[in-house]
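Have a look at the structure below before the remarks.
The values are calculated or read from the model by the stated rules, or taken from the named source; none is laboratory data. Just so we're clear, the structure is a prediction, and the values are computed from it rather than from any experiment. Please note: Cβ atoms are built from the backbone with ideal geometry, for glycine as well, and neighbour counts cover all protein chains shown. Please note that ligands, DNA and RNA were not included when accessible areas were found on the heavy atoms of the full protein model with its side chains. Shrake-Rupley method; radii C 1.70, N 1.55, O 1.52, S 1.80 Å.
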Amino acid sequence: MSKEPFPLSKVYGLLEPGPVVLVTTVREGRANIMTMSWHTMMEFEPPLVGCVISNGDFTFDSLTASKECVINIPTVELSKQVVDCGNCSGRTVDKFKEFGLTPVAASCVDAPLIDECYANLECRFVDEKMVAKYNLFILEVVKAWIDPRKEHPQTIHHLGEGAFMVAGETIHLPSKMK
C-alpha cells in the first residue's frame, strides 16, 4: 500500500461538506456575522440544515436566544471579508461596518441578509435536542433568495489551516434524485 497515516486532527479538511457561509443573527437589535463551514443538508422538504456552532461563539448565544438566522452564501469575490469575519468576534466588532457588507431586511426572520452574497437562506431553529451535547443546531429554511445574474457562482470551501478550494467546473450526470 502506498498510503501513509494521516493526522486525525486534520480529517475535517478531507470531509468539509460545502461552501463556507456567513451566518447572520440579530439579538437585542444588534446584528452579527459569523463565518461557518461546518454544516450539512439533512432533508429536502422542508429543507433542513444542520450547523455546528461552538458554544463559545457570540453567534451561539444569539441563535439560542432568537431561534433564527440567515445562512448567506458568498462567492470567491468575498473571500477576504469571509476570512476577516472569521478572524474576529462580533462581541467587539460590528462586522457589517468593519468589512463593508450590506445588511438587507429579510422577509421571514429578523436577522439580515447580506446583499453581496450569491444566495441567502432565512432559517428558523427547529430542534434543540443536540445543542447541549454537540453544539448542533437543526435549522429549517423558510425562505430562500438567489442572485439570478450569477450563472456559475464560485463558492469557497475550507480545507483547514488557512487553505481554501474554489468550486470549479459543474458537470451533469443522470440522477433520479430531486
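Select one label from [x] 32; [y] 20; [z] 15: the one whose number is percent of Cα pairs over 29 Å apart as derived from the coordinates shown.
Structure-derived value, by its label: [y].
Considering every Cα-Cα pair within segment 106-178, what fraction, in whole percent, is farther apart than 21 Å?
Working: 1452 of 2628 pairs.
Tail of P(r) above 21 Å: 55 percent of Cα pairs.
Among 62-73, 44-55, how do they line up by average Cβ neighbours within 10 Å per residue, starting with the highest? Show your work: numbers first, answer last.
Working: 62-73: 22.1, 44-55: 14.9.
Ranking the peptides 62-73, 44-55 by packing returns 62-73, 44-55.
Search the structure for amide H atoms under 5 Å from the amide H of Leu136, placed 1.01 Å from N in the peptide plane, and list their residues when 5 or more places away or on another chain.
HN-HN under 5 Å from Leu136: Val131.
Which cross-chain or sequence-distant (5 or more) residues have an amide H under 5 Å from the amide H of Gln154, H modelled 1.01 Å from N in plane?
Those qualifying (amide H under 5 Å, at least 5 residues apart or on another chain) are Val76.
Going highest first, how would you order 162-175, 96-109 by mean Cβ packing within 10 Å? Before the final figure, lay out each step's value.
Details: 162-175: 8.4, 96-109: 15.1.
With the highest mean Cβ count within 10 Å placed first, the list reads 96-109, 162-175.
What accessible area per residue comes out for the chain, rounded to a whole number of Å², with a 1.4 Å probe? Write out the running numbers ahead of the final one.
Numbers: 10930 Å² over 178 residues.
I get 61 Å² per residue for this part.
Along segment 84-90, what does the Karplus equation 6.51 cos²θ - 1.76 cosθ + 1.60 (θ = phi - 60°) give for ³J(HN,Hα), rounded to whole Hz, x for Gly and Pro?
Rounded to whole hertz, the list is 4, 4, x, 9, 8, 9, x.
Quick check on packing: order 110-116, 37-43, 79-85, 149-155 by the mean number of other C-beta atoms within 10 Å, highest mean leading.
On the way: 110-116: 21.0, 37-43: 16.3, 79-85: 18.7, 149-155: 12.1.
Top of the packing list down: 110-116, 79-85, 37-43, 149-155.
Would you mind checking which residues have amide H under 5 Å from Phe164's amide H? H placed 1.01 Å from N; only 5 or more apart, or other chain.
Leu159
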